[in-house]
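Read the structure below first, then the notes.
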Amino acid sequence: MAAGISLYFLMASIGYASALGLLSMGLSLTFVTTKVANFAHGTIAMIGGITTLFLIDRYMYNVKGLPLFVTSALAGFIIAGVTAVVLYLVILKPLADRGSDVIGLMIATFAIDIMLQSILSMILNLAHGKHFPKLFGASVQSWDVTLNCCGTQIAESHVFLPVAAIILTILFHLFLTKTKFGIAMRATIENPDLAEVMGVNTKAVYTISWFISGALAGLAGALLVFSLKDTSPNNSNLIIVSIFAGSILGGLGNVYWGLIGGFLIGLAEKLGTQLLNLFYNNYLAPSLHLPPFSFVNYEKLMSLGLVIIVLLTAPQGLAGIDWGGLLSRMGLKTARSRKPEREV
Amino acid sequence: MAPILEVKDLNAGYGRFHILFDLNFKVDEKEILIVVGPNGSGKSTTLKAIFGIAKVYSGGIIYRGEDITRLPPHEKAKKGLAYLPQTNNVFAELTVEENLRMAGYTLPPDVVDERVRTVLESFPFLKSKLHDKAKSLSGGQRQLLAMAMTLIREPDLMMFDEPTAGLAPIAAKEVVEKILWLRNDLGKTIILVEQNAKLGLEIGDNALLLVSGRIAYYGSAKDLLANKDLGRLYLGLAK
Amino acid sequence: MDAILKAENVVKTFGALRALDGVTVEVPRGKITLLIGPNGSGKTTLMNVLSGVLKPDSGRVILDGEDITELEPHERFKRGLVRNFQIPRLFAGLLVLENAAFARHGNPGEGVFTGIMKRLWRDFEEETVRRAVRLITFTRIRHLWDKKPGELSGGQMKLLEITRSLMPDNAKVVLMDEPTAGVNPTLAHEIFRRIQQIRDERGITFLIVEHRLDIATGYVDYAYAMAYGKVVAHGTPEEVLNHPKVIESYLGG
Amino acid sequence: MIQNPFTETWILLVLVYIIVTISLNLEAGFTGIPNFGKAVFVFMGAWAAQGIGIRLAAYLLEKTDPGLAAEALKHLQEIGIGTYKSLVQAAGDTDANRIVVTSYIYPYFQHHLALAALLFTAVLAIALALSAAMGLFASFAAVRLREEYLAILLLSFSELMVMVIFQQTTSLNGGPQGIWAMRFGSNGLRTALILAAVFAAITFLYAEKLANSPMGRAMRAVRDDEIAAGVYGRDVARIRLKVIMVSSMIAALAGLAFIQATPSTVSMGFDRVKWTFFPWAYLILGGMANNVGAVLGTVIFLILQRLVQLLPVYISGTSTTIMTIIPYLSNILVGVIIILVLYFRPQGILPEKPSKTVDFHRILVEEGE
């Protein structure tokens, strides 16, 4: 481990990266099924987060540790999943059926985002002081529990997030490969017309994909909220940048790579920035006589920088890279055929 | 015996593109009807119109005495019609086994298990590739997989759209042999759109020659094959 | 042969499919060349490679002695290579007349600053619209001039697509993908006569993919036949249509 | 309590938003560029007067009247705000900025009109150049890709500039506290109104002329089918970049005018709800690719929003809680309206019109049959 990075920080980075992985995966999922770039994804995650805070505030103030995280994750999962489905069925699907183009659907999700944020803010404002006394009184982070480990402290939510992400990814993978409906979902993603001919109810597939996407976001938000500074719904404004960065890094059209892309973006933002900070302030600045500079507040720029690099060098993202070919060039694997292009 | 399928005064196309004009023909039980004609003459559109993918402007499609003109594709599939598109007829990213199971999506699981087993007996080469993705199959193998998938639902009338297009002669021959087997051994009725006219006409009972969306010849396939003017007729050069 | 446009040993694959398998085509200058072949023989892929919409895996495309393999479509257009599309790709928000007028390149008014200086482009634009009016008059869609493509029939869309490809005045080679599909026979003959007329008057070279051989063969000077991604025959239209390999590729061995 | 629903501030908002909405129309309506990062380009205009303009003003003052500059620095020291090496440094510092600006810079330039004119020209030029450069930087990576990429990149760029870079870097714009902007004329609101009116008129005329030029036609062709536009000789990426740059320049004009009336707005004030989402809503209501529609949509929406704002005035006994949620209600209303418009009338109030480059009818008649 690099000097100057605590175990706590490392776990916080991994926790954040895991949440981002789930968020980018969900974003990619609704993109490949319904072709909607969902700008409200970050706020859907915040719904999970705020639901969690509400529950803790009202009913679970004395609940600590694993039960707290399991309950909040579950609550965020369900509430955000249901919200996403409602948004899809009530707003986006009717628009798509009416023939809205890509830009129309994007602006609709943009509008949804702002409406959701406004509703959340309104609830928090109206309830202020009356219904959520503890919610506003205490710092959100104080609800998290720290445990002693390896002679130092780590936050429980930071442990729980990666574990939840791994379990969910495995479950999702099993769903996609082992269940009839999951296989139908993959079939629909690849060729909706043919899937329909086979008798698949593609509308149900799309609806379920919105539920999964929203639910994963809600779960990520419910756990992520323990690391946020405040309960403002505006937190989603910056999270959405990282989520999209993760999806683009993964290739925007691939669910698994979306997960990896989100995870990498999360690590780059937290760990990458910290390493850059240490490298600059401990080595570069002293040796070149440059003034010290803190990069920590600029961690979000990592995601923008990475996105620009990816778009300029490999616009198809990680999914578009011919890994087999790359390995074969390195002498590790036999070459495979190139990725097919679409006929014009 | 009443024909299994009757097409009456069919006019069809896509939106504003009117492709087919006044088609009339019928298909008997266990018949192979070959549809030939130059590119763009409306061969594929004929199958799509029957299956409900292209838009039918007027005319009727009667299947076993029942008017099915306006039924959506999946309803037609339930009645025993099957249609194999020329391309994209398998899920390339799914394994062979998943493809076969997708084909039986609407059937009870135990029936699917049973039929997958039966179909694998008839297409033994698929057994060794059950867990490979369909995109790893060659063109001919993909057409055979698509055919196997269609069989899972045990249709009565099967419509194939240029299953030999782009295939090497040996692979094309294998596909054609399988089509003959479908009719001879399983008793299926088949409508086959074929660009390789000789190959098709040799196995067909009746033939339908389309030129510019109209029927230029309808009758015995052998007679059409024997026609000295076939080439000119086929290419739309005959006056 | 004096070839204005050449494809040399072009290979293009889509996954496992070799859509173009070492295709060499030489389009003779100032002539009308016909390209035929069954479905899936690679004709449209060749058109896409020639016009730059697709990049070949290997091989070269040469226009008038210059290697244009790596050029973008818009750069090829500026060198005089024009194409149209089998399925019309019209501009849905533009009127029929605007669709035609847009196809002429080099308008000095197409800049964010020159656009607002009308005196810079008025004459050019006037001439452009006149050309467009004359061409839509010829292709018999003049009465539709103020309609949008969405209001046209399939045949009329096809006619507008042809009109567009005849608009550019810097054209050296025009690639046409099934110009007469969906057009009635009388008009289809007229389209080919007009193509001949343009060849004679403006010296433009045409490469035409066409399935309606009954109509096309009377008007073309030279022909290529493709099958399974390869060129199987070339020569005069009679030679090619009677070539055993061509008959085999269409009718089967 | 607000008496007149159509105050000068409201008129200013209308004018400023007309500029932004029309510039968005050039991108989104005509060229099909989903600019979800409009806010940053408006902010660039404001920042030219704020972070840059005010330092430039201090520099000019220092050069033309060193005595007054020294006096200002001494004044700061006396009231205990700190010691500064130069007036430029003091003008850029959150603590000293307000005193330097209101007590020295504003009065000085009100009495030196030629200098003020020079400064204004410089600020205007900087606003335009900066915004165009930002537009280029924000979009060049995605301008050849599908529109989703461009939308995501522009949104990300705008959010990070406004909410991270300018928020965290105090030296740029005072950070979270902000600094006062250079104001021209004694009455900020009046200056803002005049500037906004002039800029809005220029913008409208420019956009109308462009829409009815061959360029307007080319932009719509790029929007409808980029492959066909490419095959017909147009460099689609170049056209998109040009339009983004020009539209960004126009958006900067709006920011420059707006900051005159509200000189202490911090970068966070240029949030994506107000400066990206609202213009989109106005444009969608009024009609994409129609400049008159853009104006109409802006006016209608701002009247609506104004009425919602005035709601508590007419409802007796409203609590402060209701007052605090009014902005949220207004946002929700905007969201509902644009979704309804997208569903029931996607072309907006006024539909798109053809580019009237020359008189088509005359030519049709002249060319006969």
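Annotations for the structure displayed:
- Scanning region D:163-174 for residues that are more than 10 Å from chain A (Cβ to nearest Cβ) and not hydroxyl-bearing (Ser, Thr, Tyr), we see that the one that is surrounded by the fewest Cβ atoms within 10 Å (Cβ to Cβ) is D:Leu172.
- Taking residues in region D:62-74 that are among the hydroxyl-bearing types (Ser, Thr, Tyr), and partners anywhere that are assigned to a loop (DSSP other than H, G, I, E, B), the pairs with Cβ atoms closer than 9 Å and at least 6 places apart or on different chains are D:Thr64/D:His112.
- One residue stands out in region C:148-182 among those that are closer than 19 Å to C:Arg29 by Cα and of a type in the set (D, E, K, R): the one that is surrounded by the most Cβ atoms within 10 Å (Cβ to Cβ), namely C:Asp177.
- If only residues of region D:338-366 that are within 27 Å of the chain's Cα centre (by Cα) and facing another protein chain (nearest Cβ under 9 Å) are counted, the one that is farthest from A:Thr109 (Cα to Cα) is D:Ser355.
- Contact annotation: residue pairs with Cβ atoms under 9 Å, 6 or more positions apart or on different chains, pairing a residue in region C:20-36 that is at positive phi with a partner that is of a type in the set (Val, Ile, Thr), are C:Gly22/C:Val10; C:Gly22/C:Val11; C:Gly22/C:Val231; C:Gly30/C:Ile4; C:Gly30/C:Ile204; C:Gly30/C:Thr205.
- Within region C:121-146, being under 11 Å from D:Ser213 (Cα atoms) and more than 25 Å from the chain's Cα centre (by Cα) holds for C:Trp121, C:Arg122.
- Residues (farther than 28 Å from B:Met102 by Cβ and either loosely packed, with under 12 Cβ neighbours inside 10 Å or not small (Gly, Ala, Ser) (or both)) located in region B:56-68: B:Tyr57, B:Ser58, B:Ile62, B:Gly65, B:Asp67
- Residue within region D:122-145 that is at positive phi and surrounded by fewer than 24 Cβ atoms within 10 Å (Cβ to Cβ) present: no
- In region B:110-125, the residues that are farther than 16 Å from B:Leu144 by Cα form Cβ pairs under 7 Å with partners that are of a type in the set (Lys, Arg), at six or more places apart or across chains, as follows: B:Val112/B:Arg101.
- Just one of the numbered conditions (1) more than 12 Å from every other protein chain (Cβ to nearest Cβ); (2) crowded, with 22+ Cβ neighbours inside 10 Å; (3) of a type in the set (S, T, N, Q) is not true of C:Thr236: (2).
- All helices (runs of 4 or more DSSP H) inside region B:1-116 with 1 or more residues being within 14 Å of chain C (Cβ to nearest Cβ): B:43-51
- Looking only at residues in region C:129-141 that are within 8 Å of another protein chain (Cβ to nearest Cβ), surrounded by fewer than 19 Cβ atoms within 10 Å (Cβ to Cβ) and not polar (S, T, N, Q), the one that is farthest from C:Thr186 (Cα to Cα) is C:Arg130.
- Residue in region B:158-176 that is more than 9 Å from every other protein chain (Cβ to nearest Cβ), more than 22 Å from B:Asn39 (Cβ to Cβ) and buried (at least 22 other Cβ atoms within 10 Å of the Cβ) present: yes
- Count - residues of region C:73-84 that are touching a Gly at 6+ places or on another chain (Cβ under 7 Å) and buried (at least 19 other Cβ atoms within 10 Å of the Cβ): 4
- All conditions but one from (1) free of Cβ contacts under 8 Å to residues at least 60 places away in the same chain; (2) facing another protein chain (nearest Cβ under 10 Å) apply to C:Ile191; the one that does not is (2).
- Some residue of region A:175-197 being out of contact with any His (no Cβ under 8 Å at 6 or more places or on another chain), more than 8 Å from every other protein chain (Cβ to nearest Cβ) and under 25 Å from A:Ser236 (Cβ atoms): no
- Filtered residue count, region A:236-252, keeping only those that are at the interface with another protein chain (Cβ under 7 Å from one of its Cβ atoms) and of a type in the set (S, T, N, Q): 1
- When D:Ala252, D:Ala228, D:Ala218, D:Ala237 are screened for being within 20 Å of D:Val295 (Cα to Cα), among the small types (Gly, Ala, Ser) and in a helix (DSSP H, G or I), only D:Ala252 passes.
- Region D:255-268 - residue that is in a helix (DSSP H, G or I) and more than 12 Å from the chain's Cα centre (by Cα) and, of those, farthest from the other protein chains (Cβ to nearest Cβ): D:Gln260
- Residue check for A:Glu299: of a type in the set (D, E, K, R) and modelled with pLDDT of 85 or more: yes
The values are calculated or read from the model by the stated rules, or taken from the named source; none is laboratory data. Model, not experiment: these values are computed from the prediction. Note that each Cβ is placed from the backbone with ideal geometry, even for glycine, and that neighbours are counted across all protein chains shown.
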